[in-house]
Amino acid sequence: MADSALHRSGARSGTGTGGGATRPGPDEEAGRRPGPRRRASAAALVRTVLIAAGLVTVYYVLPLDGRSSPGASAVLACGLLLVVLVFWWEVRAILESPYPRLKAIEALGTTLALFLLLFAGAYFLLEHSTPGSFSEPLTKTDSLYFTLTTFTTVGYGDIAARSQAGRVLTMVQMAGGLLLVGVAAKILAGAVQASLRRQGREPADDFPRDRRAEP
């Protein structure tokens with residue numbers, strides 16, 4: 001009788017009389033599966049990478065040669081308007097997202113990529129419409145390189161703006177970069193806090209807790 005009771009006790013606790021492990025219960029299997037938090041993080045990362053890769057591809061594929069200087073100015077103005085519209089749409093998406101912090105990171109990555117590629121295209125158009133605007137002829141890669149060094153304030157000095165139009169355009173990018181880092185980041189943070197409050201969650205919570213069914 002004692003052996004029978006020991007056998008039943010071992011079966012309930014997950015081990016047999018021989019000491020071998022039994023099949024894990026449903027709660028243990030659910031804990032091993034990737035939860036909504038990990039899936040949302042992976043999805044946000046993939047979307048951000050794909051959007052950035054798509055924008056870079058469009059930048060290199062789009063024919064930008066042969067445009068006049070007024071045409072380049074029009075492209076820049078329309079591009080800046082597009083950046084503002086995309087940013088506004090991303091803020092609205094943050095307010096409705098169940099994972100606002102992830103959406104804010106995705107929004108910042110998308111807006112930043114669009115902003116940098118816009119100015120890279122503007123530098124390329126300016127150099128080809130007005131040769132000599134920079135210290136050397138610019139390819140699309142050179143234009144993107146100059147944009148990144150200006151945004152990060154590295155400024156190696158190997159490429160510099162020489163014409164008045166080139167220097168004005170560079171100053172516009174500097175001012176826009178400061179606004180993007182300061183004002184835009186603050187707006188995104190405010191949208192995250194507002195979204196968390198609307199969902200009845202504490203602003204310090206990054207993600208809602210995974211809710212599992214009670215046994």
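The values are calculated or read from the model by the stated rules, or taken from the named source; none is laboratory data. Keep in mind that this is a model prediction, so the values were computed, not measured. Counting neighbours? That spans all protein chains shown, and the Cβs are built from the backbone with ideal geometry, glycine included. Accessible surface is based on the protein model in full, side chains and every heavy atom, while ligands, DNA and RNA are left aside. Shrake-Rupley method; radii C 1.70, N 1.55, O 1.52, S 1.80 Å.
Quick notes on this one:
- Accessible surface, 1.4 Å probe, highest first, among residues Leu118, Leu196, Leu112: Leu112, Leu118, Leu196
- Signed unit charges on C-beta, dipole axis of the range 99-200, positive-most listed residue Ala165, Phe124, Leu178: Leu178
- Solvent-accessible area of the range 49-144 (1.4 angstrom probe, protein heavy atoms only): carbon and sulfur portion equals 74 percent.
- Debye equation applied to the C-alpha atoms of the range 112-159, log10 I(q)/I(0) at 0.21, 0.22, 0.23, 0.24 Å⁻¹: -0.65, -0.71, -0.77, -0.83
- Inter-label distance for Tyr60 and Leu95, nm, one decimal - labels placed 7 Å from Cα along Cα-to-Cβ: 3.8
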